[in-house]
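Contents: one structure, followed by commentary.
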Amino acid sequence: MRLVALALALALWVASPPLEAHAQRADAQARSLLDQGRTQYADLDYGEAVDSLNEALRRGGGDDAFRAEVLETLAFTYFVMEREAAAREALSALFSLDPYYVVREPSGSPRVARFVESVRAASVRDAAIDPELTLRTELPRAARADVSVEIAISAPTPVTRVAVVFRTDISASWQRVEAAPTAERARYLAVLPALGEASEVSLYVEGRDARGRVVSRDAGPLAPRSLEVTAPDRRDQGQGGDLASEPWLWIVVGAVVVAAGVGLGVGVALADGGIPTGTLSPGVVQLP
């Protein structure tokens, strides 16, 4: 009986999908529930939206970026249902994940925007986020590990200061680089230092007004933009790199070896009394 039970348990274990597959399916289901909740909110089906969004939160696991998206829509839904306490709780949870999260309500309601910023002000004093202000960041296709990285940013008029916040895949902490204004109006340039052994850098851009308040961002710490970091090209450094790794070297070596072999053969033949005439017609040599 024990053998039968053990065989059945093994069969079930083999037949069940791996944990990773379960996690992927749960992620897909959570994302589907968020999309469903957003559609229900747009269709004014607020009760159904609350159910879908809360279920998405339960299934979303520990992904803070996903949780922020759900909490954003959930706060809107509670607010239009006049459940202000629940809306405030959802926004407070959102701002605990990212105090400067740019909240964008689909209808652009000024009433919702005022409520959002009133909740944010309870915990963040240097924020005056305007969802209508947009920063445009121009990233290179890749960054070189051995040289600095230039990043250009276009900013709307209320923005007077711009900073790039970044970290690499081998660093746990964020670093900040202030961007300098250029001769071109409303355009800034930030220079990141050489990134060394990193293979990827994550970053976001922050814009502040004349009062030092954060008014706009491009991406954020929960969902940053990414840039690949490529290894240095030693030939560009004037050091020549590792000569043995250069393909042209081995082509030259091969040609020299062949030439040396032919020369040696001819030399031996001459030493023996000349090149043999062979057995073929004149002008054709058949080597012995």
remark   = Charge dipole of region 136-237 built from unit charges on the beta carbon (Lys, Arg +1; Asp, Glu -1), centred at mean Cα; most positive-end Cα among PHE166, PRO193, ALA219 is ALA219
message = Could you derive backbone 3J(HN,Hα) for region 109-123 from the dihedral phi with the Karplus parameters 6.51, -1.76 and 1.60 (θ = phi - 60°), listing whole Hz in sequence and x where the residue is Gly or Pro?
response = 4, x, 5, 5, 4, 5, 5, 4, 6, 5, 5, 4, 4, 5, 10
key: Cα-based Rg and Dmax for region 119-177, where Dmax is the largest Cα-Cα distance (Å)   = 14.9, 44
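Find the eigenvalues of the gyration tensor of the Cα atoms of region 20-160, then list the square roots of 5 times those eigenvalues as equivalent ellipsoid semi-axes, largest first, in whole angstrom. Working shown, then result.
Working: eigenvalues 171, 105, 37 Å².
One finds semi-axes of 29, 23, 14 Å for region 20-160.
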ask   = Any number yet on Rg/Rh for region 136-237, C-alpha, Kirkwood?
value = 0.99
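Since every read-out is calculated from the coordinates, none of them should be taken as a lab result. Note that the structure is a prediction, hence the values are computed from the model and not measured. Note that we place each Cβ from the backbone using ideal geometry, even for glycine, and neighbour counts take in every protein chain shown.
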